1. Can you give the percent of C-alpha pairs in segment 79-212 whose distance is more than 18 Å?
2. Where does each of M204, M160 land when they are ranked from fewest to most other beta-carbon atoms within 10 angstrom?
3. Which net charge results when you count Lys and Arg as +1 and Asp and Glu as -1 among the other residues whose beta-carbon is under 12 Å from that of G191?
4. Could you please tell me the mean projected area of the C-alpha convex hull for segment 2-74, averaged over all directions and given in square nanometres to one decimal?
5. Taking the number of other C-beta atoms within 10 Å as the exposure measure, put W162, W34 in order starting with the fewest.
6. Defining a contact as two alpha carbons under 8 Å apart and six or more residues distant in sequence, what relative contact order in percent does the chain show?
7. Between beta-carbons, use under 12 Å as the cut-off and find the net charge around L150, counting Lys and Arg +1, Asp and Glu -1.
8. How do L148, L134 rank when sorted from fewest to most other Cβ atoms within 10 Å of their own Cβ?
Amino acid sequence: MTITLDGDRHALADRVYRDLLRSIIEGEAKPGAWLKERELSERFAVSRIPVRQALQRLEAEGFVSTSPHRGANVTPITRADIHDLFDTRLCFEPFAAQRAAERVLAGLETVDHLRELHVAASVADPDAGRAASLDFHAEIVRLSGSRLLLRSLGPLIGRMEWLFRLTRDTRERQQNDEHIDLVESIAAGRGLLAAAQMYAHIDMSRGPVLAQLEGVLDD
């Protein structure tokens, strides 16, 4: 019985987390807004425990800052945060692309699902395309065979989605072409080329993203 209750509690915390993250990403909960446990508990019709767990997760991902006896407030996104996100992705996504190509070459993985995600990311619907693009990057990390890398990506997904939503028109055509190149390099087992392409794919978006967010980010 205890295990079931714990499982239910984790499911509730996950639902609260996703709903709160969505409200932050979509701008409903604006930077500086207070998220109080009691009010959130009433809003989501849950106890304070899953609310607290959700807020702790959002704090770990940098979306909120908690304060004793006051709750949590939505953290402003700064220029330094964007640089940190790009730098962190550059540390492991190129390596993941290299490992993915090596595992495909060894016959341990295939790129079938990666191709499907690329096609899905090319659709006209911006929300569906954005979700598929996130899944595309996550699939490359999964293909690397490293569970540690995949767990490292988890805390970044929300921030990546937030960024994709605000800058969805940035380098759209170029990014689509770069995804094609990545798929083909990984399919051919060309690990070093895939790593270089992934590095360039991420790094070339930094400048345009920062330019598009001028006036939105805190210093």
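1. Here the long-distance tail beyond 18 Å is 50 percent of all Cα pairs in segment 79-212.
2. M204, M160
3. +2
4. With every direction weighted equally, the projected area is 4.7 nm².
5. Ordered from fewest to most neighbouring Cβ atoms within 10 Å, W162, W34 come out as W34, W162.
6. Taking the mean separation of contacting Cα pairs over the length of the chain, I get 24 percent.
7. Once positives and negatives cancel, what remains is +2.
8. Arranged by neighbour count, lowest to highest, L148, L134 become L148, L134.
Laboratory data are not the source of any read-out in this text; all were calculated from the coordinates shown. Given the structure is predicted, the values throughout are model-derived calculations rather than measurements. Backbone-built Cβ (ideal geometry, glycine too); neighbour counts: all protein chains shown.
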